[in-house]
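Laboratory data are not the source of any read-out in this text; all were calculated from the coordinates shown. Bear in mind the structure is a predicted one, so any value in this text is a computation, not a measurement. Because the Cβ atoms are built from the backbone with ideal geometry, glycine has one as well, and the counts that use them run over all protein chains shown.
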Amino acid sequence: MHSFTWFLILYTGSVLLAVSGLWFFYEKRDRKQFDARRKRRVFHCVRCGNLYSLRKRDASDGQECPKCGYKNYELSF
Ligand SMILES: [Zn+2]
């Protein structure tokens, strides 16, 4: 009876550890994906109307449109 109680405690503990480990893993992964999406810079070409985005950190000096080459500035929301 005593060993069964220990087994139950260890079993429950390991299951809890596994679940919390998975939870942390997915939480971290989701946050990373969200950050990557949020860091994208969105541009709208005023000449041809093309909408494009970049994963660049600093784009304050503008970015050329991939369709027509016109230099556009970042959209701000
Ligand atoms: Zn363009």
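With a Förster radius of 25 Å applied to the beta-carbon distance between LEU22 and ARG55, the computed FRET efficiency rounds to 0.30. Exposed loop sites here are trypsin sites (Lys or Arg not before Pro) assigned a DSSP state other than H, G, I, E or B and surrounded by at most 13 other beta carbons within 10 Å; excluding them, the longest clear run of the chain is 1-38. Each of PHE7, CYS65, PHE34 was scored by the projection of its Cα onto the charge dipole of the chain, and the greatest displacement toward the positive side belongs to CYS65; charges sit on the C-beta of Lys, Arg, Asp and Glu.
For the chain, the longest principal axis of the alpha carbon atoms and the long axis of helix 2-38 meet at an angle near 0°.
Could you give log10 I(q)/I(0) at q = 0.17, 0.27 Å⁻¹ for the chain, computed by the Debye formula over C-alpha point scatterers of equal weight, without solvent? Computed log10 I(q)/I(0) values: -0.74, -1.14. About its Cα centre, the chain has a charge dipole of approximately 340 debye under the convention of +1 per Lys or Arg Cβ and -1 per Asp or Glu Cβ, with nothing else charged. Extending 7 Å from the Cα toward the beta-carbon at both ALA36 and LEU8 defines two label points whose distance is 4.5 nm.
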